[in-house]
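Following: one structure in structure tokens, then a few remarks.
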Amino acid sequence: MEKNFNPQKIALTKYLFYTGKGGVGKTSIACATAVTLADSGKKVLLISTDPASNLQDVFNTELNGKGTPIQDVANLVVANLDPIQSAAEYRESVIAPYRGKLPDVVLKNMEEQLSGSCTVEIAAFNEFSNFITDKAIAHAYDHIIFDTAPTGHTLRMLQLPSAWSNFISENTHGASCLGQLSGLEDRKKIYKNAVSTLADGKMTTLILVSRAEGAPLKEANRASAELRELGVNNQVLVINGVLTNFDDPISEGLFRKQQKALSEMPDSLKQIVTYQIPLRAYNIMGLSNIRALLTLDKYFISEEILHASVVPQLKDVIEDIHHTGKKVIFTMGKGGVGKTTVAAAIALGLAHKGVKVHLTTTDPAAHLKYVIDEQPNISMSHIDEQEVLAKYRETVLAKARENNLNEDDIAYIEEDLRSPCTQEIAVFRAFADIVERAEKQVVVIDTAPTGHTLLLLDSTQSYHKEVQRTMGDTPESVKKLLPKLRDAEQTEVIIVTLAETTPVFEAMRLEEDLHRAGIHSKWWVINSSLYATDTKNQMLRAKASNEIQWINKVGDHAKGNFAVIRWSSEEIKGDKLLEL
């Protein structure tokens, strides 16, 4: 078996990137690495680039984008990049030089063009590239650790240096200088340095984090391959939460499930130097547990008692959805909490009640087809980003040609459509088309991880402006979308979580964002609960007892509108979905 992960016994580069599927423990391991190295006397800077970061919860400290020293950990500074604030600063940096020089109407137009979700991503990348190329920061710290966003977002971000550089160098018309890419030209050198540092194995190590489960291992393999294509070859794999022995049916089921996943892991992943971290009984919150994660287990049995006398099941949620006649159902939550399984179970449950259902996913990993097949009353779809992007580009150009625009204008539009921002718009348009199906059937949507989902919802409000900018039409589906999402009679958002600290806190922040956007949510689903099993294994029993406080918190918060799904060693798919 692999050695346990110990940063003090591994030759580490200055820059360390932690990446992997949502929910695998990137933040916990990045924090444990940072504290371990700082405790050993190294000067360490830990940075989160995840829009849904929870570093402030882990360290119980208010953080900012510049860096905050952590009390009781000499040598450790932690920064939490705020993409929204970064976008505002970026927007102002672009517009400020023109104030007083251009008419108000032009400035207003520039502000509108810089109000989309793409600007948020560009601004976040700007902050990221500053940290990786700043010589003073490099000189001040022995190690700079990045706790990255979920894989899809990370890959996109890491690809941006070359994507933006190519876009800027091929820009011959200056068209986008009035758009979201304004101000990027003078940063070409910084992007080039960022790419060069990422690809330098003596400077940068990519630490792929996974659980001993099939989907996260596949995601790690995909990330590994795509990053190798970008020249990021210095890679290490860390398998988090490995059970090392068993003594009852539940622990034996978990052990065998993990070992099967590890034996079936892709061959290319097996070639990478691999370490493991044992499964721990405690949540990784507070300095004591962060320090213990890599070296020590503690079997603390919580004495908290469950508040609810009756714990509802998912079938109770499905009955409520059916009874109230909701037409658009979302499953949302942190990556890795089981949104896909819950979405498929809701679709199957409604179909068995005679309801016609369309089940779809916006998750780039598209795990839906592994869980459920099309069948009577259930149709399925997946939004393929490349496919919808090509279709969108063609639609906009066809419209431009219909209007007999001259060659220069066509060239302007073609150039704008090469912007990475166009992909977000194209995906959003496909999303709106699917929601429109709720006119004739119930639509169940398995969304991507939280950060991506929020960007998508944010697009709802900025889309119309973007369409106008690229000279397309606003489809009826787009006009109807936001009112439909805000109608509690039609739309229901199911918040999916685990009975653990981070997923619950992130889910609550997600719910706040939804409510700010005027979108209703009622039900919470707690997935994969060990508490709902009858495990006798000492370590799993300790984990199960620690779930109670989080089940109570969710139950109280949701005013009893919650359901619990039992942890299972078997894969929940097909007709087994009906048993939840």
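The values are calculated or read from the model by the stated rules, or taken from the named source; none is laboratory data. As the structure is a computational prediction, the values presented were derived from the model and not from experiment. Reconstructed Cβ throughout: ideal geometry from the backbone, glycine too, with neighbour counts over all protein chains shown. In case anyone asks, the SASA skips ligands and DNA or RNA and just uses the protein heavy atoms, side chains included. Shrake-Rupley method; radii C 1.70, N 1.55, O 1.52, S 1.80 Å.
Residues of the range 492-517 that are closer than 20 Å to VAL444 by Cα and modelled with pLDDT of 90 or more: GLU492, VAL493, ILE494, ILE495, VAL496, THR497. State yes or no: is ARG256 more than 27 Å from VAL525 (Cβ to Cβ) and exposed (fewer than 15 other Cβ atoms within 10 Å of the Cβ)? Spelling it out, it is not the case that ARG256 is more than 27 Å from VAL525 (Cβ to Cβ) and exposed (fewer than 15 other Cβ atoms within 10 Å of the Cβ). All of (1) surrounded by fewer than 16 Cβ atoms within 10 Å (Cβ to Cβ); (2) at pLDDT 80 or above; (3) not charged (D, E, K, R) hold for ILE410 with one exception: (2). The set of residues in the range 545-579 that are of a type in the set (A, V, I, L, M, F, W, C) and either assigned to a loop (DSSP other than H, G, I, E, B) or over 24 Å from ARG509 (Cα atoms) (or both) comprises ALA558, TRP567, ILE572, LEU577, LEU578.
Among the residues of the range 253-294, those that are within 27 Å of THR501 (Cα to Cα) and free of Cβ contacts under 8 Å to residues at least 12 places away in the same chain comprise SER288, ASN289. For ALA74, the criteria (1) over 20 Å from GLU506 (Cα atoms); (2) touching a residue at least 40 places away in the same chain (Cβ under 8 Å); (3) not in a helix (DSSP H, G or I) hold in every case but one, which is (2). Every condition in (1) among the aliphatic types (A, V, I, L, M); (2) over 26 Å from GLY241 (Cα atoms); (3) at pLDDT 90 or above holds for ILE526 except the one numbered (2). Residues that are outside the structural domain of THR36 (by the TED database), among the hydroxyl-bearing types (Ser, Thr, Tyr) and farther than 30 Å from GLN441 by Cα are absent from the range 344-363 altogether.
Every residue, every condition in (1) open to solvent by 20 Å² or more (accessible area, probe 1.4 Å); (2) among the hydroxyl-bearing types (Ser, Thr, Tyr); (3) in contact with a Leu (Cβ under 6 Å, 6 or more places away or on another chain), yes or no:
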residue: ILE494; (1), (2), (3): no, no, no
residue: ALA542; (1), (2), (3): no, no, no
residue: SER568; (1), (2), (3): yes, yes, no
residue: ASP575; (1), (2), (3): yes, no, no
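Being outside any strand (DSSP E or B), within 12 Å of GLY20 (Cβ to Cβ) and within 22 Å of the chain's Cα centre (by Cα) holds for only one residue in ALA220, ALA225, and it is ALA220. Just to be sure before I move on: is THR474 touching an Asp or Glu at 6+ places or on another chain (Cβ under 7 Å), modelled with pLDDT under 95 and β-branched (Val, Ile, Thr) in the structure I sent? So THR474 fails the test. Return yes or no: is THR19 under 26 Å from ALA223 (Cα atoms), open to solvent by 10 Å² or more (accessible area, probe 1.4 Å), touching a residue at least 60 places away in the same chain (Cβ under 8 Å) and within 21 Å of the chain's Cα centre (by Cα)? Here the answer is no, as THR19 does not meet what is asked. Taken as a whole, the range 309-324 holds at least one residue that is in contact with a Gly (Cβ under 7 Å, 6 or more places away or on another chain) and either free of Cβ contacts under 8 Å to residues at least 40 places away in the same chain or more than 29 Å from ILE548 (Cα to Cα) (or both). Within the range 8-54, the set of residues being at pLDDT below 85 and basic (Lys, Arg) comprises just one member, LYS21.
Within the range 124-148, restricting attention to residues that are charged (D, E, K, R) and within 19 Å of the chain's Cα centre (by Cα), the residue that is surrounded by the fewest Cβ atoms within 10 Å (Cβ to Cβ) is GLU127. Of everything listed in (1) at pLDDT below 75; (2) open to solvent by 20 Å² or more (accessible area, probe 1.4 Å), the single unmet condition for ALA390 is (1).
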